[in-house]
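> Sharing a structure below in structure tokens format, with a few things to ask.
The values are calculated or read from the model by the stated rules, or taken from the named source; none is laboratory data. This structure is a prediction, so every number in the text was calculated from the model and none was measured. Cβ placement follows ideal geometry from the backbone for every residue including glycine, while neighbour counts extend to all protein chains displayed.
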Amino acid sequence: MRTKGSLPANLGRMSTIARHACLAGLAAVTMALMSVPVANAQTQGKIVESHGAWNMVCDTPPGAKSEQCALMQNVVAEDRPEVGLSVVVLRTADRKSEILRVLAPLGVLLPNGLGLNIDGQDIGRAYFVRCFQDGCYAEVILDDKLITALKTGKTATFIVFQTPEEGIGIPVDLNGFAEGYAKIP
């Protein structure tokens with residue numbers, strides 16, 4: 001895995017209306033913070049600080065009154081350079097919750113969702129909620145259990161599917177996640 005800058009079991013528990021409300025409220029922020037060709041693992045905005053394998057990336061989205069920041073890591077699978085992910089953690093505009101959003105490349109099998117395993121323990125799956133020209137997004141609101149697992153874990157493995165039988169595990173280094181998470185504005 002080459003790290004260039006870094007998901008989420010409870011999305012299925014959110015109602016469709018709640019998912020769309022989250023997407024609508026955060027789409028501008030995420031699009032500004034995540035410029036993507038995922039395969040090239042580039043970021044838009046500026047990296048204001050680094051925490052282990054994670055970067056704090058800040059930008060002012062069009063129409064926003066202030067700069068917004070997110071904790072982010074981009075990864076590319078060692079053996080499949082065309083398969084990469086952008087993993088982003090950000091606070092909602094009302095500052096009441098945090099979102100874990102993962103951008104996967106186009107061509108992934110959408111019905112299988114995105115699997116998550118932390119240090120060998122299956123956490124669950126999140127479903128893709130929307131695709132754009134840059135890839136497909138899966139997201140969940142972070143609960144205390146998932147936050148703790150991410151803070152204390154060593155490696156999160158996100159699993160995308162190209163066929164129902166073929167899952168591709170992409171490891172994400174959790175080094176620095178706890179420190180960076182604590183500093184998300």
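> Can you tell me which residues in the range 59-90 are surrounded by fewer than 18 Cβ atoms within 10 Å (Cβ to Cβ) and over 20 Å from GLY135 (Cα atoms)?
Within the range 59-90, THR60, PRO62, GLY63, ALA64, LYS65, SER66, GLU67 qualify.
> Looking at the range 162-184, which of its residues are out of contact with any helix residue (DSSP H, G or I) (no Cβ under 8 Å at 6 or more places or on another chain) and among the aliphatic types (A, V, I, L, M)?
Scanning the range 162-184 gives ILE168, ILE170, VAL172, ALA182, ILE184.
So that you can scan it fast, the table gives a plain yes or no per residue for (1) buried (at least 20 other Cβ atoms within 10 Å of the Cβ); (2) at pLDDT below 95; (3) among the aromatic types (Phe, Trp, Tyr); (4) under 12 Å from the mean Cα position of the chain (by Cα):
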site: GLU139; (1), (2), (3), (4): yes, yes, no, yes
site: THR148; (1), (2), (3), (4): no, no, no, no
site: LYS151; (1), (2), (3), (4): no, no, no, no
site: THR155; (1), (2), (3), (4): no, no, no, no
site: PHE158; (1), (2), (3), (4): yes, no, yes, yes
site: THR163; (1), (2), (3), (4): no, yes, no, no
site: GLY167; (1), (2), (3), (4): no, yes, no, no
site: ASP173; (1), (2), (3), (4): no, no, no, no
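> Out of everything in the range 89-122 that is hydrophobic (A, V, I, L, M, F, W, C) and touching a Lys or Arg at 6+ places or on another chain (Cβ under 9 Å), what residue ends up being nearest to ALA138 (Cα to Cα)?
Across the range 89-122, the extreme among qualifying residues is LEU114.
> Quick check: is even one residue across the range 43-60 within 17 Å of the chain's Cα centre (by Cα) and at pLDDT below 80?
Within the range 43-60 (the criterion being within 17 Å of the chain's Cα centre (by Cα) and at pLDDT below 80), the answer is yes, since at least one residue qualifies.
> Given the options VAL88, VAL102, name the one that is farther than 17 Å from GLY169 by Cα and in contact with a strand residue (DSSP E or B) (Cβ under 6 Å, 6 or more places away or on another chain).
The match here is VAL88.
> Okay, moving on. All but one of (1) assigned to a strand (DSSP E or B); (2) surrounded by fewer than 19 Cβ atoms within 10 Å (Cβ to Cβ) hold for ARG95; which doesn't?
Among (1) assigned to a strand (DSSP E or B); (2) surrounded by fewer than 19 Cβ atoms within 10 Å (Cβ to Cβ), ARG95 violates only (1).
> May I pose another question? If you go through the range 16-25 one residue at a time, do you hit one that is at pLDDT 85 or above and within 17 Å of TYR137 (Cα to Cα)?
Checked against the condition, which is being at pLDDT 85 or above and within 17 Å of TYR137 (Cα to Cα), the range 16-25 yields no hits at all.
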